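Here is the structure we will look at.
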Amino acid sequence: MNFSTKDKEWIDKCKNNPNKYKIYVDNDDVFVVIEKNGEEETIYSFTNFGYDFIVQILNYIGCNADWV
């Protein structure tokens, strides 16, 4: 299982702009927020979360990860 192209784009945006974007991790969602007028606005939700997200992120950074 791999990240979608859009998920990869958002990972890279967040990595390259940590002062602009923040990623929140919940037990049933992983999403990106941006601050506007002093309030946070959700601008993207990743395709997967939880264990799926962990396996995807590990593979994306170059590890050989899979479910057991």
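Could you grab me the full set of residues in region 33-68 that are touching a residue at least 12 places away in the same chain (Cβ under 8 Å) and touching a helix residue (DSSP H, G or I) at 6+ places or on another chain (Cβ under 6 Å)? Y44, F46, T47, listed by residue number. Of the residues making up region 18-29, not a single one is of a type in the set (S, T, N, Q) and in contact (Cβ under 8 Å) with a residue 24 or more places away in the chain. Select from region 1-39 the residues that are open to solvent by 70 Å² or more (accessible area, probe 1.4 Å), among the aliphatic types (A, V, I, L, M) and assigned to a strand (DSSP E or B) and list them in ascending order. Passing the criteria: only V25.
Considering region 58-68 alone, what residues qualify as being on the phi < 0 side of the Ramachandran plot and either open to solvent by 40 Å² or more (accessible area, probe 1.4 Å) or part of a strand (DSSP E or B) (or both)?
Residues satisfying the conditions are L58, N59, Y60, I61, C63, N64, D66, W67, V68.
Considering region 48-57, and only residues there that are open to solvent by 60 Å² or more (accessible area, probe 1.4 Å) and out of contact with any strand residue (DSSP E or B) (no Cβ under 9 Å at 6 or more places or on another chain), the residue that is farthest from N2 (Cα to Cα) turns out to be Y51.
The values are calculated or read from the model by the stated rules, or taken from the named source; none is laboratory data. None of the values given here were measured: they were computed from a predicted structure. Don't worry about glycine lacking a Cβ; one is built from the backbone with ideal geometry, like all the others, and counts go over all protein chains shown. Each accessible area value is taken on the protein alone, full model and side chains, heavy atoms only, with ligands, DNA and RNA left out. Shrake-Rupley method; radii C 1.70, N 1.55, O 1.52, S 1.80 Å.
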